[in-house]
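Down below is the structure, laid out as structure tokens.
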Amino acid sequence: MNTLQRRQQIVALINQSGRQPLASLAQQFGVTIQTIRSDVRVLANRGLLMRQHGSAAPFPGRENIEFDQRQIVNRSGKQVIAEHCLTLISDYQSLFLGTGTTVEQLAILLSARQGIRVMTNNLHAATQLCHHPDCELIIAGGMVRKRDQDVVGGDALRFFSRFRVDVGIVSVGGMNRQGQLYDYNTDEVMAREALLENARQRILLLDSSKFDTEASCSAGHLTDYDVVIMDQAPLPALRNRLSAEKVRLIY
């Protein structure tokens, strides 16, 4: 494999699977860490990816990878997050579920709760909940985003604005080192804002593949939530800020 082929494959891997540590890339491509650093520097200068604290990530503002591809990124971490979140949900509660693969993992586990009422624009989560014998399920109508199999934009905004629920549970596309949150689509951000505005308790599910990742749309801050659940601890400064703001952090 020559240099051009390796760099093409690096870009394809990162756009498909998300942020990758440089050491992992060196191992996968059978070259030294110095060679990978050189590759990533060249690719970053061309705007094909972004260098981040010993790793490489998709360039900010690019479209998020497809749902099916995201399902395999840090699957074990997302499952751990879903298990933590399940402990915060009681029988007979009403829930909003937002979009994303981590939320889908939670939907799989909700069969352990009785008498729940779920409203969602996440068609993957809705599919899982169709098998729940004791769940009232309401889904958003409107234009389906086929690539991700969800409903966003004005239809989802109006949908979430019609209800008031006990718990709203969402994920986002990325988070920087200061706890600022990001996503790839302004319609998705607007739908999430409506969801959160009409939930008494707000829970964010954020797996570590989203750390140190920025995208084109600002989506709030960790301190906007009552509970933040991760599979790895954030930086100490961020933990301290969450504690000061009375945000419950679970990891």
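The values are calculated or read from the model by the stated rules, or taken from the named source; none is laboratory data. These numbers were taken from a predicted model, which means no experiment stands behind them. Note: ideal-geometry Cβ built from the backbone for every residue, glycine included; neighbour counts use all protein chains shown. Accessible surface areas use protein heavy atoms only, side chains included; no ligands, DNA or RNA. Shrake-Rupley method; radii C 1.70, N 1.55, O 1.52, S 1.80 Å.
When percent of Cα pairs over 29 Å apart is calculated directly from the model, which label among (i) 47; (ii) 21; (iii) 31 fits? From the options (i) 47; (ii) 21; (iii) 31, the structure gives (iii). Taking every protein chain into account, the accessible area of the range 121-244 amounts to 43 square angstrom per residue (probe 1.4 Å). Projecting the Cα positions of V151, Q201, V42 onto the charge dipole of the chain (unit charges on Cβ atoms of Lys, Arg, Asp and Glu, taken about the Cα centre) puts V42 furthest along the positive direction.
Element breakdown for the chain at a 1.4 angstrom probe: carbon and sulfur atoms account for 46% of the accessible area.
Extension gain, N240 to N176, is 21.5 nm, computed as 0.36 nm per intervening residue step minus the present C-alpha separation.
The charge dipole of the chain, taken about its Cα centre with unit charges on the Cβ atoms of Lys, Arg (+1), Asp and Glu (-1) only, comes to about 760 debye. Here the simple spin-label model places points 7 Å from the Cα toward Cβ, and for T32 and Y92 these points are separated by 6.7 nm.
For the pair E197 and S218 in one chain, pulling the backbone fully straight at 0.36 nm per residue adds 5.9 nm over the alpha carbon distance.
Between R117 and K146, the FRET efficiency from the beta-carbon distance, with R0 = 45 Å, is close to 0.95. Taking the alpha-carbon distance from K210 and a cut-off under 22 Å, which lysines remain once sequence neighbours fewer than 8 residues away in the same chain are dropped? In chain and number order, the partners are K78.
The trypsin sites (Lys or Arg not before Pro) of the range 89-149 that DSSP puts in a loop, and whose beta carbon has at most 12 other beta carbons within 10 Å, are K146, R147. Over the chain, DSSP H runs of length four or greater, each weighted -39,500 (n - 2.57), average out per residue to a 222 nm ellipticity of -11000 deg cm²/dmol. Beta-bridge orientation, the chain: approximately 35 percent antiparallel, per DSSP, counting only bridges with both partners inside. For the chain, the relative contact order comes to 16 percent (Cα pairs under 8 Å, sequence separation of at least 6).
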